[in-house]
Every structure is written in C-alpha cells, then in structure tokens.
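Working notes for the structure below.
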Amino acid sequence: MAVLVTGGAGYIGSHACVALIQSGHNIVVLDNLSNSCRASLEQVSEITGVKFPVVIDDVNDRAALDRLFTAYQIDAVMHFAGMKAVGESCELPLTYYRNNVAGTLTLCEAMKDYGVRTLIFSSSATVYGEPLSNPITEDFPVHATNPYGQSKVMVEQVLHDLVQADALAAVPFWNIAILRYFNPVGAHASGKIGEDPLGIPNNLLPFISLVAVGKLKELSVFGGSYPTPDGTGVRDYIHVMDLAEGHVKALDKLTDEKTSSGCHTWNLGTGNGYSVLEMVSAFEAASGRPIPYKIVDCRPGDIAECWADPSKAESELGWKATRGLMEMMEDTWRWQSQNPNGFSK
Ligand code: UD1
C-alpha cells in the first residue's frame, strides 16, 4: 500500500509514519509545517531506516493536491493535518473551520477525482462532549462546545454524508474510518520523536514534562473538587504508539476485501481512567523528578471524567492498547530528557 499521510510531521502523524513503515507500507507525507518541523520526519527515517517523499504543502491547496496525486500512486489516505487547541479555536474559529473542515473537503474532492477511496480520519473523544456515563461507546450522542470540537463533528457528518450518497450510486466509492482518540501521550521508545508543542503546552503531559526539565515552575491542576476519587479530572490516556498501531489495523480492515464499503467509527482508548494527580505521581516515579503543583480553578469547558469502551475496536480490528501507564511515562520522559528543546536542538 502507498499511504498518503497528511500532517505526517506532527506528533501523532510521525508516530503513525513509523507504524506504517514498520508494517511494510510505503508512505508519502504532506505537511505544511505550521505546527511541526521536518526534523521529526528525518527522525522517522532514522528509526525505520527508510527514506520517503515529503511534500511541504497544504491540504487546502487543491493545485498542490493535484500535483501530489499525479506524481504518486496513492492507495489510501491517513488524514492527521489539522489544528487541535480548544482555546485557540474559540479565538480563531475561521482558521479552525478553514483548516479542519475546508481542508478535509478539499482532500476528499481530490481523492474522489483521483479514485482514492480509502480514508482514515483523526477524530477525537471531544465529539462526546460531557458524556452521560462512562465508559463511552461509539453510539453515544455527539455534540461540541467549541469550534475545534465542532470542526470534528462537522467533518464526521460530511464523511457520513459521502457514504450516504454512495448508497444511491451504482458502485459505492468510499471506504472510511473515523478514529476517535482519547488522550494520546508518550513517545516512540527510541526517544527520537515525541510531542513538541509550540509555546506553553495546553495538554497535561507536555506541561508536566516541561516542569520536570525545569522549563516551567509548577503545574496548575485545573480543579480539585470534581466528583472523582481524588477530586481531579480523569481521562483515558493512550500511548501514541498504540494509537499509531490502531491506525494500521484500521487500514488493514478497510482494505480487507471482506470489508464492505462504508463509514466505520472506532474509539481508540485503553478503557482505563487516570486522574491528574495519578498522572503526576506516575511521572515522578518514571522520571525521578519532583513535579510541584498547585490546585487552581477548573478550566472552562473541562469535563470531570471520560474514558473509552474500546471493545468495538478490539472485536472488529483485532486491536487493543498494550502499553501501560508506566510505559507512557517512561517513554515521555526519555523523549523529553533527551530532547529538552524538542526538535530545535
Ligand atoms: C484536550 C481538549 C480536547 C482535545 C485534546 C487534544 C480541552 C477542554 N479539551 O483534552 O478537546 O481533543 O485536548 O489533545 O482543552 N490539566 C491540568 N493542568 C494542565 C493541563 C491539563 O490540570 O496544565 C488537566 C485537565 O483539566 C484534564 C486533564 O489534565 O483533567 C487532561 O487535560 P488535557 O491534556 O488538556 O486533555 P483534555 O482536556 O482531556
């Protein structure tokens, strides 16, 4: 298979590149480097011993997609390119809808024109909003409370509509997987690639990592009186390599001749919830560094707890997360301690 990986230089995309190459696939990466850098792809080549084409362009640029699909024979697309910061999306809704929604439309139009029918889309557990209960199954209602989440809900709807329209066609075209990620953390075990957010991180583990290396003073724990065992928010953290391997399994499934065309949704999580304070203790144990913290007000828009029921992915894809909390922490620490400045050495 030749797989186009949009956003392949980013955190999840670069780990997916490793998993794809190690499963014997060829890849072509498309990335505009707006929130990533080329060095991550050089590291992917170092880890795998494989060089691959990298196209620096934007999924929103139809002419660039025409050039790409003409130059390379593509069998399937993994679409990671997109923006993901909730707060920023509230300030810049047009930018989020342009990149996340219009970018996907442009990509799908080009795929259709070049006869590429297999698409794996990066969605998020954010589409569940505040769940009525936990664990969350794929048939829970979806709704969003911010433009980032809304962009994921909207793209999911577009993808369902494509398949809906296929039902009227003589030969159905689309073969789509929507993967709803819970909280990706960790890094490749080599320590050569990992998460390298621009500026002050919004997400928990990148923030804790920068406290551990002394770049940030202390962690603000957002809320200490949630109805959870220790009062802090509970999430389903999943190792990014488990997540990457889930994509390869979804690709195998979509391209299996026994799979009928359509739009399939799978949760990618572990099924376990950990609190912020449990994450802090686990990181301290893995790194041997103290993580000073103070409990502050809740972050607006945060939910108390959320974890996946990952059994649909297990039964239908034969995929299950295998890496536990300590491995997530050790791998995060290896990446952060070996690369205190991320990819900018
Ligand atoms: C966040 C987004 C979610 C998005 C995901 C992308 C919000 C409200 N949600 O998920 O839509 O898909 O990132 O990766 O932004 N925490 C602290 N201190 C911090 C940072 C986080 O206490 O400095 C807590 C949070 O309150 C939460 C947990 O850590 O309980 C995880 O937070 P985070 O890593 O930001 O993920 P989510 O909020 O689950």
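Got the relative contact order for the stretch 104-260 handy, in percent, Cα pairs under 8 Å and 6 or more residues apart?
24
Probe 1.4 Å, all protein chains in place: accessible area of residue 253 in Å², nearest 10?
70
Please report the carbon-and-sulfur percent of the accessible area for the chain; probe 1.4 Å, protein heavy atoms only, DNA, RNA and ligands left out.
52
By how many degrees, 0 to 90 and rounded to 10, does the Cα axis of helix 103-113 deviate from the longest principal axis of the chain?
Taking Cα atoms only, the helix is inclined about 30 degrees.
Starting from the 7 Å offset along Cα-to-Cβ, what nm value, one decimal, do you get for the label separation of residue 22 and residue 344?
The answer from the label model is 2.9 nm.
Taking a threshold of 20 Å on the Cα-Cα distance, which of the pairs 249/320; 253/320; 152/253 fall above it?
In this structure, 152/253 exceed 20 Å between Cα atoms.
Compute log10 of I(q)/I(0) for the chain with the Debye formula, placing one identical point scatterer on every Cα and leaving out solvent, at q = 0.07, 0.10, 0.15 Å⁻¹, to two decimals.
For the chain at q = 0.07, 0.10, 0.15 Å⁻¹, log10 I(q)/I(0) is -0.27, -0.57, -1.36.
Expressed in nm to one decimal, what extension gain is obtained for the pair residue 157 and residue 200 from 0.36 nm per residue of sequence separation less their Cα-Cα distance?
Length gained between residue 157 and residue 200: 12.3 nm.
Counting only protein chains, not ligands or nucleic acids, how are 195, 284, 257 ordered by accessible area (probe 1.4 Å), most first?
In descending accessible area the options line up as 257, 284, 195.
Which of 322, 265, 232 ends up with the largest GNM mean-square fluctuation for the chain, with Cα atoms connected below 10 Å?
Between 322, 265, 232, it is 322 that shows the largest mean-square fluctuation.
From a point 7 Å beyond the Cα of residue 61 in the direction of its Cβ, which residues of the stretch 23-53 have a backbone N at a distance under 20 Å?
Residues 28-42, 52-53 fall inside that zone.
Largest first, what is the accessible-area ranking of 326, 83, 111 with a 1.4 Å probe?
326, 83, 111
Extension gain residue 256-residue 322, at 0.36 nm per residue separation less the Cα-Cα distance, in nm?
21.4 nm
By accessible area of protein heavy atoms, probe 1.4 Å, what ranking do 37, 298, 306 get, highest first?
Greatest to least solvent exposure: 298, 37, 306.
Any idea what angle helix 62-71 forms with the longest principal axis of the chain, computed on alpha-carbon atoms, 0 to 90 degrees, nearest 10?
Once rounded, the angle reads 70 degrees.
Please work out the Cα center distance from the stretch 286-309 to the stretch 176-210, rounded to the nearest Å.
15
Any chance you could check the Cα centroid distance between the stretch 317-345 and the stretch 88-116 for me, in angstrom?
Using only Cα atoms, the two centres lie 29 Å from each other.
The values are calculated or read from the model by the stated rules, or taken from the named source; none is laboratory data. The model shown is predicted, which means the values in this text are computed figures rather than measured ones. Cβ: placed from backbone, ideal geometry, glycine included. Neighbour counts: every protein chain shown. Note: accessible area is taken over every heavy atom of the protein model, side chains too, but ligands, DNA and RNA are not part of it. Shrake-Rupley method; radii C 1.70, N 1.55, O 1.52, S 1.80 Å.
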